[in-house]
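Remarks on the structure that follows.
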Amino acid sequence: MEKPEILFRLTQLEEQYQTASKSEKRSIDKERRELGTLLTNKDRVAKVKRALKKGPEMTYSDVEFLLNNEVGKNRILEAIGLNINKRSKVDFSSAKEFYRSLNRLM
């Protein structure tokens, strides 16, 4: 289901909710949560792709975002363009150390 379809369905559910019984409201709430999760995951995937496309222009906050969204360090460093033999020498502990280690290796 694409984002416009999800948003349209959420609007429909909101309208139905106004006149729904208690049991119907529980069912509507459940579907809204499921649709919200779908919507959030699609947005997250798009943000991950945008961050990776930045390549060498990636900031440390982009790196933190990617790590928090389960993108591996090797994938991040590959997007930055770092040689595979040097990837183990990058320090992810802080922005300062990250940039320092990258500068030494590039």
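The values are calculated or read from the model by the stated rules, or taken from the named source; none is laboratory data. Since the model is a prediction, treat every value here as computed from it, not as a measurement. FYI the Cβ positions are ideal-geometry reconstructions off the backbone, even for glycines, and counts take in every protein chain you see.
The number of residues in the range 3-20 that are touching a helix residue (DSSP H, G or I) at 6+ places or on another chain (Cβ under 8 Å) and among the hydroxyl-bearing types (Ser, Thr, Tyr) comes to 1. Of all residues in the range 52-106, those satisfying the criterion of being of a type in the set (Lys, Arg) and over 22 Å from residue 41 (Cα atoms) are 86, 87, 89, 96, 100, 104. Taken together, 35, 66, 105, 39 contain a single residue that is outside the structural domain of residue 9 (by TED's automatic domain parsing), modelled with pLDDT under 90 and either of a type in the set (Val, Ile, Thr) or surrounded by 13 or more Cβ atoms within 10 Å (Cβ to Cβ) (or both), which is 105. Among the residues of the range 56-64, are any aromatic (Phe, Trp, Tyr) and farther than 17 Å from residue 103 by Cβ? No, the conditions are met nowhere in the range 56-64.
Of the helices (runs of 4 or more DSSP H) lying entirely inside the range 21-106, the ones with 1 or more residues being touching a helix residue (DSSP H, G or I) at 6+ places or on another chain (Cβ under 8 Å) and among the hydroxyl-bearing types (Ser, Thr, Tyr) are found at 60-68, 95-105.
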